[in-house]
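This report concerns only the one structure given below.
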Amino acid sequence: MITILGVPGPLLFGQLLLGLINGAFYAMLSLGLSVIFGLLNIINFAHGALFMMGAFVAWMLLNYLGLGYWWALVLSPLIVGIFGLILERTLIKHLYKLDHLYGLLLTFGLALVIEGLFRNKYGSSGMPYQIPPELEGATNLGFMFLPNYRGWVVFAALIACLGTWLLIEKTKLGALLRAATENAPLVQAFGVNVPRLVTLTYAGGVALAAFAGVLAAPIYSVNPNMGSNFINTVFAVVVIGGMGSIMGSIVTGFSLGVIEGLTKVFYPQASETVIFVVMAIVLLARPAGLFGRTA
Amino acid sequence: MTMEATTQVGIGLPSAKPVLFGYTSTQAIALAILVALVVLSPTVLYPVFLMKVLCFAMFASAFNLLIGYVGLLSFGHAAFFGMGSYVTAWTAKYWGLSAEVAILLGGLTGAALGAVFGWLAIRRSGIYFAMITLALAQMVYFFCVEAPFTGGEDGIQQVPRAKLFGVISLAPDMSIYWLVAGLFLFFFLFVHRVVHSPFGQVLKAIRENTARATSLGYRPDDYKLIAFILSTFISGIAGGTKALVFGIATLTDVHWSMSGEVVLMTLLGGLGTIFGPVMGALIVTAMENYLAQFGAWVTVTQGAVFVICVLTFRRGVIGELGAKLKLAL
């Protein structure tokens, strides 16, 4: 058996893969948070709850309608996206003229409501969601066994992140979005329907969270707390990366997942806290975050 | 970046002259009513419930010092409350310290932790400050889950109600009630005194216009840090007091939902009002007691109250009342 720095190879690669998977979720969630923050100027505290909702909608589609994983991967983001659209139109839009902190408080309240409702209905123990048959089993890569589903999660997350990056950086819609982030009244003066753009952005960011939720469903059990467990760490990721850049969020998300995985190998006691320690160091060295523009 | 609601009411009103400790005559009357309620209510209400309210009122007043007067929204105050609770419980149970020393150690723990977290977090403001404090508090939570001294999921149980000054027994509910009531009134007055001191005036100046306060020669970060440490000290005291009253310190006290709860109390009562946090603590604690039998509906209701508060009455119960009566309460 090969050993690297005194650690057995399979253990090291196994934890690296777990780290990459966690990193994939950090990247998708922090990406959605940054895009929403850029245009709406609110931190969407409900992001974790909507991620959880994505997983639950997948579970419901399977158990109530018999629609499997691949359907869920398309339908769940759509359904949760529409839910987000309704939230934005009915509640969040009233806050744009107020201090940012009110957006945080409102979405925190929404997160409590959503999580509480799911906990009432389904309890907090969690329910299993099967890996789709096409992705069962594992592939021997020579140095380790790669469970197919986990490989797929990293791949799908990368595609989703790069797709979002392309959409924002390379398309006309993305150009409008970036312009509105810089100066919304000016873009509106050019005849662009900015409120609609804002609504679509919120729905899009939320749909990305739901997509991540569906990917997460077979890995973690589907339970009402899965969102809040993640979101606190994602906030640290956002502070580390800064919310200025799309690519920044993606890179920060993945690399922090990997750092967490490596810590699990070399110093397991600190694996839960390492991201927060990194955050403290970044705050000391670069308060605006690694990719942040302004304080 | 300022909280818009706080500038509309409360301390901003240049109304009547202060007569006592910075209280105007109407506020002094309201304070007298509050003191009377604290003294008389255990004759009609269950003292343990009242002590819970008073502990949370202390906690919320400490939190309000930051959000209401400095404009800093900390989403991690559970860390200071919970660590205060753990340290008081541990020292009272295993070191056999008397009540006042155990509680003081709880407060000092909160302050020490607050000094480090504040030092890190005040580098950013607004929502970043909120996210950083939340993340740091989450780190404390994970630490408490792992660390042996907290007892993990069980917490520290069967904490004795240590004797006050080593002589006065606090075992009967009504004895410890007077200690809790005394601590509450002391820190309630203390927060108000801080806000109305020259130091408090500088805090308000920083909140309103940081650049101008800086140009006048004040260092905003120093003032923010001192306010943060004061707030975390009182939070630790509140947590420690709660641990002695209930004889238990658990992970619930350091969990992020506790941070959310103190935000809710302060928001519901009225950010930047004197009596708001007390009112908020009363409403939220009563609501929890009543809804406890319905399981997760507590969370749903709390969330709904958050949403309704933010959308319809951002000044909170006391803030709206004050605005209606044209009084700074």
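The values are calculated or read from the model by the stated rules, or taken from the named source; none is laboratory data. The shown structure was predicted, so the numbers you read here are calculated from the model rather than taken from an experiment. Note that each Cβ is placed from the backbone with ideal geometry, even for glycine, and that neighbours are counted across all protein chains shown. The accessibility values were calculated without ligands, DNA or RNA, using every heavy atom of the protein model including side chains. Shrake-Rupley method; radii C 1.70, N 1.55, O 1.52, S 1.80 Å.
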I need the helices (runs of 4 or more DSSP H) fully contained in segment A:185-295, keeping only those with at least 2 residues that are in contact (Cβ under 8 Å) with a residue 60 or more places away in the chain, over 16 Å from residue B:135 (Cβ atoms) and open to solvent by 60 Å² or more (accessible area, probe 1.4 Å). A:246-266
Restricting attention to segment A:9-16, does a residue exist that is touching a strand residue (DSSP E or B) at 6+ places or on another chain (Cβ under 6 Å) and not basic (Lys, Arg)? yes
Does at least one position in segment A:45-54 carry a residue that is in a helix (DSSP H, G or I), touching a strand residue (DSSP E or B) at 6+ places or on another chain (Cβ under 9 Å), modelled with pLDDT of 85 or more and crowded, with 24+ Cβ neighbours inside 10 Å? yes
So, residue B:232, is that one in contact (Cβ under 8 Å) with a residue 24 or more places away in the chain, surrounded by fewer than 24 Cβ atoms within 10 Å (Cβ to Cβ), in contact with a Gly (Cβ under 6 Å, 6 or more places away or on another chain) and hydroxyl-bearing (Ser, Thr, Tyr) or not? no
Of all residues in segment B:120-135, count the ones that are surrounded by fewer than 24 Cβ atoms within 10 Å (Cβ to Cβ) and of a type in the set (Ser, Thr, Tyr). 1
Which one is surrounded by the fewest Cβ atoms within 10 Å (Cβ to Cβ) among residues in segment A:122-163 that are over 22 Å from the mean Cα position of the chain (by Cα) and among the hydroxyl-bearing types (Ser, Thr, Tyr)? A:125
Here is a list: A:81, A:137, A:126, A:142. Which entry is in contact with a strand residue (DSSP E or B) (Cβ under 8 Å, 6 or more places away or on another chain), more than 9 Å from chain B (Cβ to nearest Cβ) and either at pLDDT 85 or above or farther than 20 Å from residue A:50 by Cβ (or both)? A:137
For residue B:137, the lone unmet condition from (1) within 12 Å of chain A (Cβ to nearest Cβ); (2) modelled with pLDDT under 90 is (2)
Residue A:64 - would you say it is open to solvent by 10 Å² or more (accessible area, probe 1.4 Å), of a type in the set (Ser, Thr, Tyr) and in contact with a Phe, Trp or Tyr (Cβ under 8 Å, 6 or more places away or on another chain)? no
Any residue in segment B:138-150 that's over 14 Å from residue B:78 (Cα atoms): show its pairings with residues that are part of a helix (DSSP H, G or I) and at pLDDT below 85 at Cβ separation under 8 Å, as long as the two are six or more apart or on different chains. B:146/A:269
Among (1) in a helix (DSSP H, G or I); (2) within 14 Å of another protein chain (Cβ to nearest Cβ); (3) over 20 Å from the mean Cα position of the chain (by Cα), which single condition is residue A:98 missing? (1)
Looking only at segment A:74-121, which residues are open to solvent by 40 Å² or more (accessible area, probe 1.4 Å) and touching a residue at least 24 places away in the same chain (Cβ under 8 Å)? A:78, A:79, A:82, A:83, A:85, A:89, A:93, A:96, A:100, A:119
Options B:291, B:321; residue that is in contact with a Phe, Trp or Tyr (Cβ under 6 Å, 6 or more places away or on another chain), open to solvent by 20 Å² or more (accessible area, probe 1.4 Å) and either part of a helix (DSSP H, G or I) or more than 14 Å from chain A (Cβ to nearest Cβ) (or both): B:291
When residues of segment A:10-44 are limited to those that are crowded, with 21+ Cβ neighbours inside 10 Å and outside any helix (DSSP H, G or I), the one modelled with the highest pLDDT: A:44
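Pick from B:142, B:117: which is among the hydrophobic types (A, V, I, L, M, F, W, C), within 19 Å of residue B:251 (Cα to Cα) and open to solvent by 10 Å² or more (accessible area, probe 1.4 Å)?
That would be B:142, the only listed residue that is among the hydrophobic types (A, V, I, L, M, F, W, C), within 19 Å of residue B:251 (Cα to Cα) and open to solvent by 10 Å² or more (accessible area, probe 1.4 Å).
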Filter pass, residue B:252 being farther than 30 Å from residue A:224 by Cβ and among the polar types (S, T, N, Q): no
If we ask which residues in segment B:294-318 are in a loop (DSSP other than H, G, I, E, B) and more than 8 Å from chain A (Cβ to nearest Cβ), their number turns out to be 2
Name the single residue that is modelled with the lowest pLDDT among those in segment B:4-57 being part of a helix (DSSP H, G or I) and open to solvent by 80 Å² or more (accessible area, probe 1.4 Å). B:8
Exactly one of these conditions fails for residue B:148: (1) open to solvent by 40 Å² or more (accessible area, probe 1.4 Å); (2) within 14 Å of chain A (Cβ to nearest Cβ); (3) under 20 Å from the mean Cα position of the chain (by Cα). Give me its number. (3)
Only unsatisfied item for residue A:180, checking (1) farther than 21 Å from residue A:52 by Cα; (2) not in a helix (DSSP H, G or I), is (2)
Candidates A:186, A:256 - the one that is modelled with pLDDT of 90 or more and more than 13 Å from chain B (Cβ to nearest Cβ): A:186
For residue B:285, are the conditions met, namely being β-branched (Val, Ile, Thr), surrounded by 21 or more Cβ atoms within 10 Å (Cβ to Cβ), closer than 30 Å to residue B:153 by Cβ and modelled with pLDDT of 90 or more? no
Here is a check on your reading of the model: is residue B:273 polar (S, T, N, Q) and more than 14 Å from every other protein chain (Cβ to nearest Cβ)? yes
Residue list for segment B:159-178, filter: of a type outside the set (Ser, Thr, Tyr), open to solvent by less than 40 Å² (accessible area, probe 1.4 Å) and in a helix (DSSP H, G or I): B:176
